1. Of GLN218, GLN181, which residue is buried (at least 20 other Cβ atoms within 10 Å of the Cβ), assigned to a helix (DSSP H, G or I) and among the polar types (S, T, N, Q)?
2. Return only the number of the condition from (1) under 19 Å from ALA226 (Cβ atoms); (2) at pLDDT 85 or above; (3) open to solvent by less than 20 Å² (accessible area, probe 1.4 Å) that LYS254 does not satisfy.
3. So the check is Cβ under 9 Å with 6+ separation or different chains; which pairs have a first residue in segment 165-190 that's on the phi > 0 side of the Ramachandran plot and a second one that's open to solvent by less than 60 Å² (accessible area, probe 1.4 Å)?
4. Answer yes or no as to whether ALA102 is touching a residue at least 40 places away in the same chain (Cβ under 8 Å) and within 18 Å of GLU263 (Cβ to Cβ).
5. From ARG247, ARG237, ARG298, grab the single residue that is in a helix (DSSP H, G or I), among the basic types (Lys, Arg), on the phi < 0 side of the Ramachandran plot and open to solvent by 50 Å² or more (accessible area, probe 1.4 Å).
6. Determine which single condition VAL182 fails, assuming it passes every other condition in (1) at pLDDT below 90; (2) over 27 Å from LEU276 (Cβ atoms); (3) touching a helix residue (DSSP H, G or I) at 6+ places or on another chain (Cβ under 9 Å).
7. Could you pull out the residue among GLN303, GLN259 that is modelled with pLDDT under 80 and in a helix (DSSP H, G or I)?
8. Quick one: ASN281 ticks every box in (1) without any contact (Cβ under 8 Å) to a residue 12 or more places away in the chain; (2) in contact with a Gly (Cβ under 9 Å, 6 or more places away or on another chain); (3) among the polar types (S, T, N, Q) except a single one, so which number is it?
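The values are calculated or read from the model by the stated rules, or taken from the named source; none is laboratory data. What you see is a predicted model; the values in this text were computed from it and never measured. Every residue, glycine as well, gets a Cβ built from its backbone with ideal geometry; the counts of neighbours run over all protein chains shown. Ligands, DNA and RNA are stripped out before the accessible areas are found, and what is left, the full protein with its side chains, is counted by its heavy atoms. Shrake-Rupley method; radii C 1.70, N 1.55, O 1.52, S 1.80 Å.
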Amino acid sequence: MIELPDQPLAERVLAGALDRGRVPQQFLLFGPPGTGKRAAADAIARHLIGVDSGDGTRPLLDLSIVRASGAQILVEDLEDALRDLATRPVVGRCRVAIIEGAERLRDVAGNRILKPLEEPPAGSHLLLVTDHAEDLLPTVRSRCVPVPFRRPGWRTVAQRLIDQGTPPAEAEAMARAHGVQVLGDDPFLAAMRSIGTDMGMHIVEGSASSGALVVDTQRAMETAAAESPSDELVELRRAAADLEGKRGGKTAAKRAEDQEKRERRRRITDGWDTVLTGAANVVADALAVALGSPATVRNRHLQDRLVAAAADAMFCERAIEVMEHGRGELRLNPTVDVAVEVMLIRIDDLRHGVHHRLSPPGRLPW
């Protein structure tokens, strides 16, 4: 039995699938960020491989993990894992491949994965993990057993923070403001939440121009990304340092440099979603104050500033609408900073009584 804290629906779905005489070979774990999908995928993989979780790295001999090397998962990112799936297991009952960020499977790579999804090799399993199931190719989504993860309520998040040693008042404020994301230990996402809160206050107070706000935010995001390298990048840098001045040193240094560029670009692109979520939460708090409901404010530490800002309720309501529309556009726009600046210009126009008609993301407004 695989236990998934605060995810009873996903737990029941998995229990039903794994207790069958013939276990499905393709699973799709989907739901909001921070709901435990990646940890669940690892637990499922170890269960399928059949090696006890206390056996350290032994299960990794039969486990492949695929991540995007850039904005998309490329064919070359997949090939090693798919080749391993077709071979006999080393220590366990089967081979397992976990594809993280499966919504990045597009074009050639998306088509490449269809064959192993439709006719997986005997003794193999594919686990797809995504925060955005709606962005998956329909042909990929339809071939997997869906395992839904739901966002737990703020009270559940607060209790888990308290269990980890956070003072109750602080735990409640963090849970109400940021939800399940505060349970993660990613310093980059923590920085993005802080940046988003600052952006939200600038929007409410009207204290910065759109262009300056985007430039300052982008600079802060790049600094946070540089200070939070992945384990893979740390390893590549170590290899480059060991080979410096030796044969293969330039190649190793180039690989580390390329990985750093890809990683920074990907993290900043993904980080904008967290930033805008945090900013929208602050604007929603300003709306609560404007409507006379201060008890529902999530960012309690900002309450005095929100009261002093005295934002108009209609402005807040329409600004949230623009921000939600902007988040949808980010996934389609390769120049994210430009899309955010357009969003902020629309919000500035709202402040002056101009309300733009919003077309569905990806469609022209005429």
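1. GLN181 is the lone residue from the list that is buried (at least 20 other Cβ atoms within 10 Å of the Cβ), assigned to a helix (DSSP H, G or I) and among the polar types (S, T, N, Q).
2. For LYS254, the exception is condition (3).
3. GLY179/PRO32; GLY179/GLY34; GLY179/PRO152; GLY179/GLY153; GLY179/VAL157; GLY179/THR277; GLY179/ASN281
4. no
5. ARG237
6. VAL182 satisfies all of (1) at pLDDT below 90; (2) over 27 Å from LEU276 (Cβ atoms); (3) touching a helix residue (DSSP H, G or I) at 6+ places or on another chain (Cβ under 9 Å) except (2).
7. Every option except GLN259 fails the conditions.
8. (1)
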